[in-house]
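The values are calculated or read from the model by the stated rules, or taken from the named source; none is laboratory data. Note that this is a predicted model, so its numbers are computed, not measured. Don't worry about glycine lacking a Cβ; one is built from the backbone with ideal geometry, like all the others, and counts go over all protein chains shown.
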Amino acid sequence: MKTFDTIAELREQLDADRSAGLAVGLVPTMGYLHDGHSSLIDAAVAANDRTVVSIFVNPLQFAEGEDLDDYPRDLDADRGLCGAAGADYVFAPAVEEMYRRAVHTVVTVPGVSAPLEGVHRPTHFAGVATVCTKLFAIVGPCRAYFGAKDWQQIAVVTRMASDLSIPVEVVPCPTMREADGLAMSSRNVYLTPAERTQGPALRRALAAGIAAVEAGERDPATVEQVMRSLLAADAPDGAVEYAAAVPADTLVASGPLTGDVRLLLAVKFSKARLIDNDGVRAG
């Protein structure tokens, strides 16, 4: 496995690989990798000849007062996980390599980025879309693998790549969970012991919402209240930022639920902020 820290060297390597007829997979990450990331690497390795994992804590997607400085980092451990999972390349650039001067070009994806996370973190998806556009330009034509835990992120990046005709196939992958149902996340280390016992309530709330839809409930507000009630009982230390039952494509409720529905949650504990989601078919 090779590690690259410059754009030019990675681009040269991947251009040579594609010239040799090799397919490239990309797993974009912010590091502090866990088994959820391993599953993305596994998917990329299975479908491509070369797999590159980017490890970059992107400052553009952190608002003032968020955890940019405190975000957990362990490049040596990350490289070990990447190697064990079969990745061919790690791209671990410094901030100065990715952003050599102040960034004046920002990619925004109105519509799908506005609700939910967009309400609570209004600058977040512009940072995500901008760094993903940059990574896609550096890596070139490829398949890019994202975990479904960040469902709205997948929607934003997929729309961005489509709208800009970027030759990248965005591949959603299943959410990986701990044994008790908590979605894996690098930020789970922020949970206190008491909060950690409450974290799996998000998965149970989603299951309750799904059960309501499967039983015939079509009113989004009613499904949302089912999820909120369970969270109030089982995660009393968490503040629910949103509990939504929305169309899976637009993420905005506009009447009775029908077709592919996504249930999404965000719960803020003392330092950790947990998000989770799942899908269900209505009708």
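Determine whether the stretch 67-74 contains at least one residue that is touching a residue at least 12 places away in the same chain (Cβ under 8 Å) and among the aliphatic types (A, V, I, L, M). No, the stretch 67-74 contains no residue that is touching a residue at least 12 places away in the same chain (Cβ under 8 Å) and among the aliphatic types (A, V, I, L, M). Of all residues in the stretch 124-139, none satisfies being touching a strand residue (DSSP E or B) at 6+ places or on another chain (Cβ under 6 Å), outside the structural domain of ASP237 (by TED's automatic domain parsing) and not hydrophobic (A, V, I, L, M, F, W, C). Which residues, taken from the stretch 225-263, are charged (D, E, K, R) and over 22 Å from the mean Cα position of the chain (by Cα)? Answer for the stretch 225-263, where residues must be charged (D, E, K, R) and over 22 Å from the mean Cα position of the chain (by Cα): ARG228, ASP234, ASP237. From the list GLU217, GLU241, GLU224, exactly one residue is of a type in the set (Asp, Glu), under 23 Å from GLN153 (Cα atoms) and touching a helix residue (DSSP H, G or I) at 6+ places or on another chain (Cβ under 7 Å). Which is it? Checking each option against the conditions leaves just GLU241. Filtering SER229, SER270, SER185 for residues that are of a type in the set (S, T, N, Q) and buried (at least 22 other Cβ atoms within 10 Å of the Cβ) leaves a single hit, SER185. Cβ-Cβ contacts under 7 Å between residues 6 or more apart (or on different chains), taken from a first residue in the stretch 198-211 that is modelled with pLDDT of 95 or more to a second residue that is among the β-branched types (Val, Ile, Thr) and in a helix (DSSP H, G or I), are listed as ALA208/VAL226; GLY209/VAL223; GLY209/VAL226. Within the option set ALA92, ALA85, ALA46, being touching a residue at least 60 places away in the same chain (Cβ under 8 Å), among the aliphatic types (A, V, I, L, M) and more than 23 Å from LEU191 (Cα to Cα) holds for one residue only, ALA92. Report yes if ARG79 is basic (Lys, Arg) and surrounded by 15 or more Cβ atoms within 10 Å (Cβ to Cβ), otherwise no. Here the answer is yes, as ARG79 does meet what is asked. Of all the numbered requirements in (1) touching a strand residue (DSSP E or B) at 6+ places or on another chain (Cβ under 8 Å); (2) crowded, with 16+ Cβ neighbours inside 10 Å; (3) assigned by TED's automatic domain parsing to the domain that holds ARG273, GLN152 misses one, and that requirement is (3). Residues of the stretch 107-129 that are among the β-branched types (Val, Ile, Thr), farther than 17 Å from LEU68 by Cβ and not in a helix (DSSP H, G or I): VAL107, THR108, VAL109, VAL112. A Cβ distance below 6 Å, combined with a sequence gap of six or more or placement on separate chains, defines the contacts here; from the stretch 270-283, residues that are more than 18 Å from ALA253 (Cβ to Cβ) reach residues that are among the β-branched types (Val, Ile, Thr) in the pairs LEU274/VAL267.
Summed over the stretch 232-267, residues that are on the phi < 0 side of the Ramachandran plot, in a loop (DSSP other than H, G, I, E, B) and surrounded by fewer than 19 Cβ atoms within 10 Å (Cβ to Cβ) total 10. Residues in the stretch 25-43 that are in contact with a Cys (Cβ under 8 Å, 6 or more places away or on another chain) and farther than 17 Å from VAL189 by Cβ were compared, and the one that is surrounded by the most Cβ atoms within 10 Å (Cβ to Cβ) is LEU26. On the stretch given as the stretch 206-218, residues that are of a type in the set (A, V, I, L, M, F, W, C) and not in a helix (DSSP H, G or I) total 1. Are any of the residues in the stretch 63-75 of a type in the set (A, V, I, L, M), more than 30 Å from LEU264 (Cβ to Cβ) and assigned by TED's automatic domain parsing to the domain that holds LYS134? Yes - at least one qualifying residue is present in the stretch 63-75.
Scanning the stretch 157-205 for residues that are polar (S, T, N, Q) and either outside any helix (DSSP H, G or I) or in contact with a strand residue (DSSP E or B) (Cβ under 6 Å, 6 or more places away or on another chain) (or both) turns up THR158, SER165, THR175, SER185, THR192.
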